[in-house]
Every structure is written in C-alpha cells, then in structure tokens.
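For reference, the structure discussed in these notes is given below.
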C-alpha cells in the first residue's frame, strides 16, 4: 500500500469511516488502523488450538456465513447519486476497499473482491459458504427508484451471477423493495434463481416494515418460506431514518407468518417503544428485540443473526445476554445464526479482543492468536472470536453456527 493511500485511510478511520462503531476518544485500535492484508494462513495458525477448538462439534457443511456484503464497486457509495457528500462516500469506499484487501481503483473490482473472499474461505474447511447480499435501491411510496437517496445498491442478477463464480463457496440473498409494483413477481423470479433469503436495510431503502404497503409482499414471502434478513437497531453505515429499523416495526410481518432474521440482534442504538403508542419512550433497541423474541407466537418465526455483535459499540449488556440465552440449554440456543458482516472484520478499529477480556467474556490467552489470525484472515478471525466468547464458562451453542439448517428449512 503506498504512503498516500495509507494516510488517506488513517484520516478516514480517524474521522468518519462510515462503517464506524468506535469513537477515537473512547478506544484506540489494538492492532493498528489499516488491514495488513497478509497472505494465506500459516500452518501454525491454521492448526492453532484456538482454531481447532472453534471447529470442535461443528459440521462444516452446515456452517454458512449468512451476512456477507457484496459491492459492485469500491465507490458504490456514491455511484447511485449519494445522499452523503462525495468526500465522505469516497472515504468510506477507501475503508471498505482496505477491509476487503482490494484495490480501490482496480479495473476488475468485483473480481478482486470475490477473489479475496474465496481465498479467505479456502482457509476454512470445505463446505463452509458465504451468502452474498444484494441490496435494492431506495424507492418512493410508488416503488419508483430514487437514485439521489440511494447510498449503494447491488442488483439481484449481479449478485446471483457472482455467486455462480464459486458455487461450492457462495450462496446469495436477493433484495426486493416491497413497494415495487413487481415485488411479488420479482420474489418468484429470484427464488427460481436460487436466492436463499431477502435482504432489507429499511432506513437505507425507505421501507417501513409496519406499512400496509408491504402486505402483499409479506403474504408471498410467507408462502415462499424464504426468510427476510432485515437490519435492526441503529444503522451507521448508510444514511436514513433509523426509526424504520425499529424491531417492533417487524410485528406486521411476523403476524403474517414471515420468517425473519433480525440482523445484529438490534444491539446498537435506541428505538421508540411503539407498544406504548406512537409517542412511546425511546428504549434500547436490543430490549425491544428481546421482547419480540420472548413472545411465544414468534418462537418459530423470529431469529437473530450474530453479525458484528463483538464490535466495539455493540458489546456490554446485549452481548452478555446473547451469550447467556444462546448458550447450550438457553432459550435462544436454536434462534441465533452465524454471520460475519464481511468485510467489516477486516476493519481493524471496530474490534478489540482485549476489550472483551476486560468484560470477562474472553480468555486473555486468546488475544494474541486472534490478532495474528486477523492479519491473514478476518473472516476466520470473526468466526473464531465468536466461538471463543465465554460467559460463566458457557459459549454460544453449536446450533448458532449450523446456520444452513435455517436457510434450507421449508416447514
């Protein structure tokens, strides 16, 4: 990496990285600022006891990373019109490119991005797959695309084609804005193309999950049995109305039988307690997610994904509750799904193993091996990090990492 590019990345991370969840005044990066992008995992790390322990009890064929972002360009943040100023989007693009170890200006950015992801997956046992995420554009109330409000988008066909580059390692998740006049037809089409779920970031796409406009789509989605992977809690990577990411706004879909994956388990931010009326008090988003999870009628419909949960800004009480309830024998042991939020594990300042040691959730002896793994393979780092978390001697249940079972379920 040349000196000017490194200086640009440092400035971006110290200012407004876009995918940020840490504050310079509160945390200092434990392992530097930029991703060193080292080569394949050396044998001593590949066979490290921490890695062996992470895989113990798991069937790699059932381990799917259900939350892997896909970008058509490093500058996807401003190619559609950009609600953020160009400098901020460019800064975010540079950070994303470094996290994914790709050249910001590569003529074949997609090939480089997917090639790097394939190389990371090659360090994992055969059978492990990553689900690439499409993302529909921001749309108005009539379902018309609004480029000026679209931070980035990835077309369904483009994502489906990308997954075919390595069908033994990639699956894909489509994205369909429910206000589209052809939303139901598009759902049928992407299902036939092999989509494993539907992805939303409501705040970034202008989707109100509680709107009656979604009802026809919900009916078709429930009938298809494809799950809806939707962002919950505060969204810092893209601009938009965070109240649309309120977990309680998902009741409408759940009440219509839609299977929902609440991305990140709403572990960041505050949302309005709509159960106490439209002017209800602002409440921790995780508490609202937990309330939904506690309702018996949603037990077979609602799950949470583990994407980004060890990040700075998401740890503390919510992470402790997730481990407590998601440990073997816990009532969430079969209701959590593995997801990496790739390429974010390659954004070094967002994660600090030492911080979780201080919280009593990680063995101090795990810190150095985890940091060494991350320099070579952030994807494996994320997996081993989560498998290494402990609360009172208990860790997240194996079922949380056998996520393929949920995506392939039809009953």
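Among the residues of segment 201-249, those that are in a strand (DSSP E or B) and either in contact with a helix residue (DSSP H, G or I) (Cβ under 9 Å, 6 or more places away or on another chain) or surrounded by fewer than 24 Cβ atoms within 10 Å (Cβ to Cβ) (or both) comprise 228, 230, 231.
Selection over segment 102-120 of residues that are within 15 Å of residue 376 (Cα to Cα), over 19 Å from the mean Cα position of the chain (by Cα) and surrounded by fewer than 17 Cβ atoms within 10 Å (Cβ to Cβ) gives a count of 2. Restricting attention to segment 167-174, does a residue exist that is free of Cβ contacts under 8 Å to residues at least 12 places away in the same chain and either closer than 30 Å to residue 108 by Cα or buried (at least 19 other Cβ atoms within 10 Å of the Cβ) (or both)? Yes - at least one qualifying residue is present in segment 167-174.
Select from segment 290-341 the residues that are on the phi > 0 side of the Ramachandran plot and modelled with pLDDT of 95 or more and list them in ascending order.
308, 329, 341
Which of the following residues is over 19 Å from the mean Cα position of the chain (by Cα) and more than 22 Å from residue 186 (Cβ to Cβ): 225, 314, 270, 297?
Sole residue among the options that is over 19 Å from the mean Cα position of the chain (by Cα) and more than 22 Å from residue 186 (Cβ to Cβ): 297.
As for segment 349-362, it holds at least one residue that is at pLDDT below 95, more than 20 Å from residue 64 (Cα to Cα) and in contact with a helix residue (DSSP H, G or I) (Cβ under 8 Å, 6 or more places away or on another chain). In the set 274, 302, only one residue is surrounded by 20 or more Cβ atoms within 10 Å (Cβ to Cβ), within 25 Å of residue 210 (Cβ to Cβ) and touching a residue at least 24 places away in the same chain (Cβ under 8 Å); that residue is 302. Tell me, yes or no, whether segment 235-242 has at least one residue that is under 16 Å from the mean Cα position of the chain (by Cα), closer than 22 Å to residue 311 by Cβ and at pLDDT 95 or above. Checked against the condition, which is being under 16 Å from the mean Cα position of the chain (by Cα), closer than 22 Å to residue 311 by Cβ and at pLDDT 95 or above, segment 235-242 yields no hits at all.
Scanning segment 59-93 for residues that are in contact with a helix residue (DSSP H, G or I) (Cβ under 6 Å, 6 or more places away or on another chain), at pLDDT 85 or above and either in a helix (DSSP H, G or I) or over 26 Å from residue 195 (Cα atoms) (or both) returns a single hit, 62. Assessment of segment 206-216 against the conditions (under 17 Å from the mean Cα position of the chain (by Cα) and touching a residue at least 24 places away in the same chain (Cβ under 8 Å)) yields no matching residue. Given the conditions (1) farther than 21 Å from residue 41 by Cβ; (2) not in a helix (DSSP H, G or I), report the number of the one that residue 349 does not fulfil. It is condition (2) that residue 349 fails. All of (1) farther than 30 Å from residue 191 by Cα; (2) within 22 Å of the chain's Cα centre (by Cα) hold for residue 407 with one exception: (1).
Got at least one residue in segment 137-150 being within 26 Å of residue 409 (Cβ to Cβ) and surrounded by 18 or more Cβ atoms within 10 Å (Cβ to Cβ)?
No.
Within segment 94-112, if we keep just the residues that are assigned to a helix (DSSP H, G or I) and without any contact (Cβ under 8 Å) to a residue 60 or more places away in the chain, the residue that is farthest from residue 166 (Cα to Cα) turns out to be 97.
Can you say whether residue 128 is buried (at least 22 other Cβ atoms within 10 Å of the Cβ), modelled with pLDDT of 90 or more and over 25 Å from residue 31 (Cα atoms), as far as the supplied structure shows? It is true that residue 128 is buried (at least 22 other Cβ atoms within 10 Å of the Cβ), modelled with pLDDT of 90 or more and over 25 Å from residue 31 (Cα atoms). Condition first: in contact with a helix residue (DSSP H, G or I) (Cβ under 7 Å, 6 or more places away or on another chain), under 30 Å from residue 315 (Cβ atoms), at pLDDT 95 or above and assigned to a strand (DSSP E or B). Can you find one or more residues in segment 183-199 that meet it? The answer is yes; a qualifying residue exists. The requirement of being outside any loop (DSSP other than H, G, I, E, B) and in contact with a strand residue (DSSP E or B) (Cβ under 6 Å, 6 or more places away or on another chain) is satisfied by residue 132.
Checking each residue in segment 335-346 for being outside any helix (DSSP H, G or I) and in contact (Cβ under 8 Å) with a residue 60 or more places away in the chain picks out 336, 337, 338, 339, 340, 341, 342, 343.
The values are calculated or read from the model by the stated rules, or taken from the named source; none is laboratory data. Here the structure is a predicted model, which is why all the values come from computation and not from measurement. Quick reminder, even Gly has a Cβ in these numbers, built from the backbone with ideal geometry, and neighbours come from all protein chains shown.
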